[in-house]
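Everything on this sheet refers to the single structure shown next.
The values are calculated or read from the model by the stated rules, or taken from the named source; none is laboratory data. Everything numeric in this text was worked out from a predicted model, so none of it was measured. A quick note on method: Cβ atoms are made from the backbone with ideal geometry, for glycine too, and the neighbour counts reach across all protein chains shown. Just so you know, the surface numbers come from the protein's heavy atoms only, side chains and all, with ligands and any DNA or RNA stripped out. Shrake-Rupley method; radii C 1.70, N 1.55, O 1.52, S 1.80 Å.
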Amino acid sequence: LGNIRMTDAIVHVVRCFDDDNVIHVEGSTDPVRDMDTIDLELVMADLEMVERRIDKAKKAAKGDKKFLQEAADFEGLRDWLNDGKSARSYTEVDIGAEYPDCELLSLKPVIYAANLDEDGFADPAGVPYYNQVAERAAAEGAQVIPVCAKLEAEIAELPADEKVMFLEDLGIVESGLDRLIRASYTLLGLISFLTSGEDECRAWTITRGTRAPQAAGKIHTDFERGFIRAETVAFEDLKACGSMGAAREKGLIRSEGKEYVVQDGDIILFRFNV
């Protein structure tokens with residue numbers, strides 16, 4: 001039971017296994033109850049924020065009547081939250097769109113991480129607890145990702161080459177953490193591009209649909225300000241060729257301009273001048 005807060009989303013970790021040696025704070029395993037508990041905690045935290053927002057808007061309205069609408073919008077949301085319902089399900093006003101500075105926890109999209117034991121992780125669909133979480137997630141339009149905290153702890157201590165062998169022995173394609181990261185990127189509309197030099201190869205996270213100059217700005221503002229072009233090759237093409245030299249010989253390294261929309265997995269060398 002617990003929740004991990006990210007910048008733009010919430011990951012709920014929900015226990016989905018029985019083990020007498022692992023004490024549950026509630027004394028029993030009940031994932032739906034745990035999900036309700038976490039949701040209520042987030043709603044209560046949001047209520048405090050909304051009350052402060054209402055007070056602030058009413059004070060500001062004494063000097064500018066436009067804040068009266070803001071106060072009314074948040075009063076409606078406050079009544080909704082008081083019924084134990086999340087801000088995500090409030091439809092009277094699109095709070096996130098109208099007030100983008102509003103950092104309500106129950107407004108953020110959710111991923112449920114169903115924490116299973118080793119046997120359950122190998123076959124989540126055969127675990128009733130997992131199916132309860134999946135059913136709840138489907139009703140909310142949320143995602144559920146099976147994980148096994150015990151296995152993740154063991155995997156984290158292994159060298160990279162041994163991790164692959166360990167997962168293969170378990171009959172698992174990828175770890176729960178990898179699934180969770182991939183799901184989080186999809187949920188938030190994020191992708192990664194890579195830069196490679198003599199000293200390091202690094203991934204940079206951007207929003208899907210970002211153009212080349214703005215992607216360059218993630219590295220340094222000078223890159224965006226003085227952008228000339230982006231020399232780009234897809235990761236799969238480079239992997240197939242084996243080297244940048246071979247990719248260049250095959251004409252797979254492209255020269256892209258300011259309108260190029262960066263793709264997930266692009267390997268880019270930015271040319272700039274300031």
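Restricting attention to segment 234-261 and to residues that are open to solvent by less than 90 Å² (accessible area, probe 1.4 Å) and in contact with a Lys or Arg (Cβ under 7 Å, 6 or more places away or on another chain), the residue that is nearest to residue 190 (Cα to Cα) turns out to be 261.
Number of residues in segment 92-108 that are in a loop (DSSP other than H, G, I, E, B) and either within 15 Å of residue 57 (Cβ to Cβ) or at pLDDT 90 or above (or both): the value is 7.
Looking at segment 139-157, which of the residues that are of a type in the set (Gly, Ala, Ser), in a helix (DSSP H, G or I) and surrounded by fewer than 16 Cβ atoms within 10 Å (Cβ to Cβ) is modelled with the lowest pLDDT?
Keep residues of segment 139-157 that are of a type in the set (Gly, Ala, Ser), which gives 139, 141-142, 149, 153, 156.
With the extra rule that they be in a helix (DSSP H, G or I), the set shrinks to 139, 149, 153, 156.
Add one more test, that the residue is surrounded by fewer than 16 Cβ atoms within 10 Å (Cβ to Cβ), and what stays is 139, 153, 156.
Details: 139: 89, 153: 88, 156: 84.
Per the criteria, the residue is 156.
Looking across segment 103-138 at every residue that is open to solvent by 70 Å² or more (accessible area, probe 1.4 Å) and among the acidic types (Asp, Glu), the one that is nearest to residue 73 (Cα to Cα) is identified as 103. Considering the conditions (1) under 23 Å from residue 108 (Cα atoms); (2) among the basic types (Lys, Arg); (3) not in a loop (DSSP other than H, G, I, E, B), residue 59 is excluded by exactly one of them, (1). In segment 168-203, which residue that is of a type in the set (A, V, I, L, M, F, W, C) and either farther than 26 Å from residue 268 by Cβ or touching a Pro at 6+ places or on another chain (Cβ under 9 Å) (or both) is most open to solvent (accessible area, probe 1.4 Å)? Ranking the qualifying residues of segment 168-203, first place goes to 173. Please specify each residue of segment 22-61 satisfying the condition of being without any contact (Cβ under 8 Å) to a residue 24 or more places away in the chain, surrounded by fewer than 17 Cβ atoms within 10 Å (Cβ to Cβ) and in contact with a helix residue (DSSP H, G or I) (Cβ under 6 Å, 6 or more places away or on another chain). Across segment 22-61, the qualifying residues are 58, 60, 61. Do you know which residues across segment 71-102 are within 15 Å of residue 41 (Cα to Cα) and either touching a His at 6+ places or on another chain (Cβ under 9 Å) or exposed (fewer than 15 other Cβ atoms within 10 Å of the Cβ) (or both)? Those that are within 15 Å of residue 41 (Cα to Cα) and either touching a His at 6+ places or on another chain (Cβ under 9 Å) or exposed (fewer than 15 other Cβ atoms within 10 Å of the Cβ) (or both): 82, 83, 84.
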